Amino acid sequence: RPWHRVRGVKEITRGLGTLDRELFDTIAATPTPLLDAVMPPLTRAADHSKLWIAVAAGLLASGNASAQRGATRGLVTLGVTSLVTNQFAKRIRRRPRPRFDAVPVVRRAGRRRTSNSLPSGHSASAAAFAVGVGLEIPLLGFGLGLVAALVGLSRAATGAHYPGDVIAGFGTAAGV
């Protein structure tokens with residue numbers, strides 16, 4: 001009986017992979033001027049956590065003690081999540097990036113990434129920062145969570161990741 005379970009898990013995994021590729025292809029093929037205009041700059045702003053560092057700088061400069069604690073917690077959570085994602089999670093299972101040419105040129109993320117696609121580090125960092133800040137300032141954390149979700153969408157819309165990679169990035173952040 002154990003081999004039935006292994007076979008069942010393999011079939012589920014294969015089915016989820018197919019669904020993930022089909023979702024990516026649908027996003028890539030959708031002609032939306034809004035995605036074309038907003039997603040590339042958003043994904044570039046999240047490169048190297050620049051967006052989150054800028055938000056943290058604003059919170060630290062505010063002089064508000066809870067905002068400063070939120071910024072600190074957000075940055076620490078982001079740093080730990082980034083370490084776990086890039087040094088451990090990305091090495092668990094090799095997954096190539098999506099087909100770069102499937103996304104319209106105007107919407108592409110810029111340069112072609114070569115690192116492992118699973119999980120999305122941008123998505124993990126975005127979720128980690130939002131949750132870290134949200135533990136101190138729930139309403140701001142909610143707003144940052146919405147921005148983090150848009151960063152995740154931008155990773156799929158620009159061709160950098162499959163939607164499942166984004167979800168795995170969010171899950172990695174939640175675990176940390």
| task | Subtracting the Cα-Cα distance from 0.36 nm times the residue separation, let me have the gained length for Arg93 to Ala45 in nm, one decimal. | result | 14.5 nm
| query | To the nearest 0.05, how large is the calculated FRET efficiency for Leu16 and Val106 if R₀ is 22 Å and r is the Cβ-Cβ distance? | reply | 0.15
| Spin-label pair Leu23/Asp36, simplified geometry with 7 Å Cα→Cβ offset, distance in nm | 2.5 nm
| So which chymotrypsin sites (Phe, Trp or Tyr not before Pro) in the stretch 13-111 pass both tests, a DSSP loop state and at most 12 other Cβ atoms within 10 Å of the Cβ? | Phe88
| field | Equivalent ellipsoid semi-axes, the chain, via Cα gyration tensor eigenvalues times 5, rooted, Å | value | 30, 21, 13
| What list of ³J(HN,Hα) couplings, whole Hz, do you get for the stretch 81-98 from phi and the Karplus terms 6.51, -1.76, 1.60, once you set θ to phi - 60° and write x for glycine and proline? | 4, 4, 4, 4, 5, 7, 9, 10, 4, 5, 9, 5, 9, 6, 9, x, 5, x
| Under the Karplus curve 6.51 cos²θ - 1.76 cosθ + 1.60, θ = phi - 60°, whole-Hz ³J(HN,Hα) for the stretch 134-141, x wherever Gly or Pro sits | x, 5, 9, 10, x, 5, 5, x
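Could you report the stretch 63-159's accessible area per residue, 1.4 Å probe, as an integer in Å²?
48 Å²
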| field | FRET efficiency for Ile53 and Arg7, using Cβ-Cβ distance with R0 set to 35 Å, rounded to 0.05 | value | 0.15
| request: Normalise the Debye intensity by I(0) for the stretch 1-78, one equal point scatterer per Cα, no solvent, then take log10 at q = 0.12, 0.16 Å⁻¹ and round to two decimals. | output: -0.68, -0.79
| task | With +1 on each Lys and Arg Cβ and -1 on each Asp and Glu Cβ, and nothing else charged, work out how big the dipole of the stretch 50-151 is about its Cα centre, in Debye to the nearest 20. | result | 780 debye
| query | Taking Cα pairs under 8 Å and at least six residues apart, what relative contact order does the chain come out at, in percent? | reply | 30 percent
| task | Tally up the carbon and sulfur contribution to the accessible surface of the stretch 74-159 as a whole percent, 1.4 Å probe, everything protein left in place. | result | 69 percent
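The values are calculated or read from the model by the stated rules, or taken from the named source; none is laboratory data. All figures in this text were calculated on a predicted structure; none of them were measured in a lab. So basically every Cβ, Gly included, is an ideal-geometry build from the backbone, and we count neighbours across all protein chains shown. Accessible surface is based on the protein model in full, side chains and every heavy atom, while ligands, DNA and RNA are left aside. Shrake-Rupley method; radii C 1.70, N 1.55, O 1.52, S 1.80 Å.
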